[in-house]
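A short worksheet on the structure shown next.
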Amino acid sequence: MTDRMATALSRPNFFPGQLIDYKDLNRLAAQADKVSALLCRHLFESGGIIVRGLDEFQVSPLKGLTALVKPGIALLPNGQPVVLAKESVVDLTPYRKGKELRTVVVSVRNVLQGTDRYTDREDSSISGYRTEALDAQLVVGTSPLVEDGIELFRVCLAPDTQELTVASIQEEWQPNMSAGVLDLRHRSNIVPQTFAPMRSDESLSVRTALYGIERAHAKMERIYLVDDPFTTIQYLTQLHAEILSRPFQPLKMAFLMSEFADKLSKYLDRLSTRLGAQRSNFDRETLLKTVALLDGLKEKEVLPRSQSWKALPEVADHLLRFVDYAERKFSLVNTVEEALLDLRNRFCAFEDKIVLGGHLFEQVDRLTVDDADRIDIKAPTSFARMLSTRFQNGDALTLKGRFIKEGMLTLRLQVPHPDRPIVLIAHQYVRRAGSTLHYEINGKHLITDKWEIPELSNHWMNRGVVVPAEQLVPQENTLRIRVQKSDLDFGFFDLAVYQPSVISGGMQ
């Protein structure tokens, strides 16, 4: 143990019969201050302003060359605390002298103050104050640093400087002849552990949330086949590791949290851009809510004043909900489309209820060629006739149809539940390979058919299309079939509209 440590930590002891004088009692009173100053001097070398201590010595300009300094708490380089308890006004006018620029530094330090002066009548060498206190004092000077003081701000004054201003974000810190900029860049700050470490149950909740986000991220890449170039998982791993590390480092945690939230938001934006509203398994509303939560975690301050862990479990919940929706919808669409493929080459009577992929669908509308009030045809020529032919499996069918070579058919559909997807099934005659058809629902492209396989020629087929709920409207829905290319002609015969009988599982 060094002599300095021994002196700082030594204290007088008292025992029966001991003669005590004022020096013993003063040494006992000073011992606590010496120990505190010694520890603070080595824990916070050079001292600094305590973040979130009172008003942190905030500075604002007043009229002319005066500035208002708010209360604050700091540790001086010698380890002593200094507390400015009241607002103080600093006048810099006397320091605007000469013909050159002058840098004026305003610091705070302790000054020993006392009351009730005492002098011993018999020994005049024994004197002092009965009550002493260290009071904060603002010091203005042109030297860069006051001994045992903490700098609050500095100002560059020109001979014709008339006022003081606060630095803006775009401030280039160039000398201003008419206004002096209050420069706080040279402050030393001490950030105490204001963000208390999480309790065990909070830590478990946050770690569970991070695991959930990691699982959701992996599923999103697998379902949508959109890679993540933003290294989101790398930042998630670093954040998770930091939660487990000790001691707790709030500034590092805030930085990792901000970077992770930024990377994940960019990946979600990438998903939205790549997929858009055309995918039936894309829950855009939940994605937007997730991004809004992540925005609250993007702390870009040098010294963040607050940090909330409660958002992470909520982010995980939204992402898992987003992925669950994608999985259920993906399963429904693929299952129904596979069932429609199985139905394609055999006769289907378009009954009131059908089963597709294990799900019950009810017929909600049906159009035939005779529903002229709900069918518009724009084509150079059109004619009606009966057609008899077979499906590929040999089933025969005779239907009346309206034939056009090129043009547009507009069908007005009745959909009672626009919040559910619909399945469109039509009896379609493929006369020759090489035709091209474009399907649109409510003005948005739905699908394009190109019949280029010769084996399909001169056959009936059941054309089935799944329309996601987000492409439907509450009122009348419009289906357009545009015939872009046809060797001979295209015929419309009938169309059945089906919807899930109940909202469950992936039917939403």
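The values are calculated or read from the model by the stated rules, or taken from the named source; none is laboratory data. Given the structure is predicted, the values throughout are model-derived calculations rather than measurements. Don't worry about glycine lacking a Cβ; one is built from the backbone with ideal geometry, like all the others, and counts go over all protein chains shown. The accessibility values were calculated without ligands, DNA or RNA, using every heavy atom of the protein model including side chains. Shrake-Rupley method; radii C 1.70, N 1.55, O 1.52, S 1.80 Å.
Annotation note: Cβ proximity below 6 Å between a residue of region 51-72 that is farther than 19 Å from D183 by Cβ and a residue that is aliphatic (A, V, I, L, M) and in a loop (DSSP other than H, G, I, E, B) (sequence gap 6+ or interchain) occurs for P71/A85. When you check L268 against the structure, is it at pLDDT below 90, among the hydrophobic types (A, V, I, L, M, F, W, C) and open to solvent by less than 60 Å² (accessible area, probe 1.4 Å), yes or no? It is false that L268 is at pLDDT below 90, among the hydrophobic types (A, V, I, L, M, F, W, C) and open to solvent by less than 60 Å² (accessible area, probe 1.4 Å).
Only a single item in (1) more than 24 Å from A179 (Cα to Cα); (2) modelled with pLDDT of 85 or more is not met by T115, and it is number (2).
Can you find, within region 157-173, the residue that is modelled with the highest pLDDT among those that are β-branched (V, I, T) and surrounded by fewer than 18 Cβ atoms within 10 Å (Cβ to Cβ)? Once the filter is applied, the top-ranked residue is T165. Taking region 84-156 as the region of interest, the strands (runs of 3 or more DSSP E) fully inside it that hold 2 or more residues being more than 23 Å from H186 (Cα to Cα) and open to solvent by 80 Å² or more (accessible area, probe 1.4 Å) are 102-119, 127-141. For G72, the test of being of a type outside the set (D, E, K, R) and surrounded by 11 or more Cβ atoms within 10 Å (Cβ to Cβ) is passed.
Taken over region 366-394, the residue count meeting the criterion of being in a loop (DSSP other than H, G, I, E, B), touching a strand residue (DSSP E or B) at 6+ places or on another chain (Cβ under 8 Å) and open to solvent by 50 Å² or more (accessible area, probe 1.4 Å) is 4.
Here T231 passes the criteria (1) open to solvent by less than 70 Å² (accessible area, probe 1.4 Å); (2) closer than 29 Å to V336 by Cα; (3) of a type in the set (S, T, Y) except the one numbered (2).
What are the pairs with Cβ atoms under 6 angstrom where one residue, in region 274-288, is modelled with pLDDT under 75 and the other, located anywhere, is of a type outside the set (G, A, S) and open to solvent by 20 Å² or more (accessible area, probe 1.4 Å)? Sequence gap at least six, or different chains. Going by the 6 Å Cβ cut-off, the qualifying pairs are A277/E470; S280/V333. With the requirement that a residue be surrounded by fewer than 18 Cβ atoms within 10 Å (Cβ to Cβ) and either β-branched (V, I, T) or at pLDDT 85 or above (or both), what does region 441-458 give you? If the condition is that a residue be surrounded by fewer than 18 Cβ atoms within 10 Å (Cβ to Cβ) and either β-branched (V, I, T) or at pLDDT 85 or above (or both), then N442, G443, K444, H445, I447, T448, I453 are the ones that fit.
Quick grid of which residues meet (1) among the hydrophobic types (A, V, I, L, M, F, W, C); (2) under 30 Å from R328 (Cβ atoms); (3) under 43 Å from the mean Cα position of the chain (by Cα):
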site: F350; (1), (2), (3): yes, yes, no
site: Q363; (1), (2), (3): no, yes, no
site: A379; (1), (2), (3): yes, no, no
site: A384; (1), (2), (3): yes, no, no
site: T389; (1), (2), (3): no, no, no
site: L397; (1), (2), (3): yes, no, no
site: F403; (1), (2), (3): yes, no, no
site: T436; (1), (2), (3): no, no, no
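Name the residues in region 330-365 that are surrounded by 14 or more Cβ atoms within 10 Å (Cβ to Cβ) and at positive phi, would you? Matches in region 330-365: F350, G357.
Test of understanding: among G64, G79, which residue is in contact with a Gly (Cβ under 9 Å, 6 or more places away or on another chain) and either open to solvent by less than 50 Å² (accessible area, probe 1.4 Å) or in a strand (DSSP E or B) (or both)? Walk me through it before giving the result.
Details: G64 fails: in contact with a Gly (Cβ under 9 Å, 6 or more places away or on another chain).
Answer to the check: G79.
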